[in-house]
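Heads up, the thing below is written out as structure tokens.
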Amino acid sequence: MKLSRPARRATLVVHVAASASWLGLTLGLLALGVTAATTGSAVTVEASVRAMKLFADRLLLPVAFLTLLSGLALSLGTKWGLARHRWVCAKFWLTLATTTATAFALRPAVNSAVTAVAAGGPLPDAGDVLFGPSVSLSAYVFMTAISVLKPWGPTRRGRRLRAPVREPAAAQRAPL
């Protein structure tokens, strides 16, 4: 199923906007995490981790799912296909992995930091607020690069689909 030109363009705009939003949110989380980990002020630490919680709880997963779904629609509805090019496969699996990591690692780490700080204690581990955003940001920058550069060429399936259709040997023989 191919997307019409207007549908493809609209989906592409949604995908790029959602991807840029995800990248920006992660950069914001990293800035807040660095602030929480390096400041000497308990008030600043609490404000930083509470802001991180707000981003993680309200914005990250919807933007992540929008990126995943719009990318899936683009891959299935355009010439790129989901399994025709290695860079598309890599983006799909990295997006799926980072969405899963956001849900099951980044959000719980931020929530535990907020719980500890809200109880009046110090930030339990700076890694809780720095590791997730750092890894995510690296993955998103890498995915952006491969979206632009389109490296690695087609997959085996992509090469097979691109190859010219050959007629069976019996059909190629001229009738006697």
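The values are calculated or read from the model by the stated rules, or taken from the named source; none is laboratory data. The model shown is predicted, which means the values in this text are computed figures rather than measured ones. Reconstructed Cβ throughout: ideal geometry from the backbone, glycine too, with neighbour counts over all protein chains shown. When the accessible area is computed, the model is the full protein with side chains, heavy atoms only, and any ligands, DNA or RNA have been set aside. Shrake-Rupley method; radii C 1.70, N 1.55, O 1.52, S 1.80 Å.
Among the listed residues ALA90, ALA118, ALA163, ALA126, which satisfies the condition of being modelled with pLDDT under 95 and under 21 Å from the mean Cα position of the chain (by Cα)?
Only one candidate qualifies: ALA90.
Can you pull out every residue in segment 44-66 that is over 17 Å from ASN111 (Cα atoms) and either in contact with a Leu (Cβ under 6 Å, 6 or more places away or on another chain) or open to solvent by 30 Å² or more (accessible area, probe 1.4 Å) (or both)? Correct list: PRO62, PHE65, LEU66.
How many residues, within segment 10-38, are touching a helix residue (DSSP H, G or I) at 6+ places or on another chain (Cβ under 8 Å) and open to solvent by 50 Å² or more (accessible area, probe 1.4 Å)? Walk me through how you get there before you give the answer.
Filtering segment 10-38 for residues touching a helix residue (DSSP H, G or I) at 6+ places or on another chain (Cβ under 8 Å) gives 11-12, 14-15, 18-19, 21-23, 25-30, 32-37.
Those left that are additionally open to solvent by 50 Å² or more (accessible area, probe 1.4 Å): 12, 14, 21, 23, 27, 34-35.
The qualifying residues number 7.
With respect to the conditions (1) modelled with pLDDT of 95 or more; (2) not in a helix (DSSP H, G or I), GLY81 falls short on a single one, namely (1).
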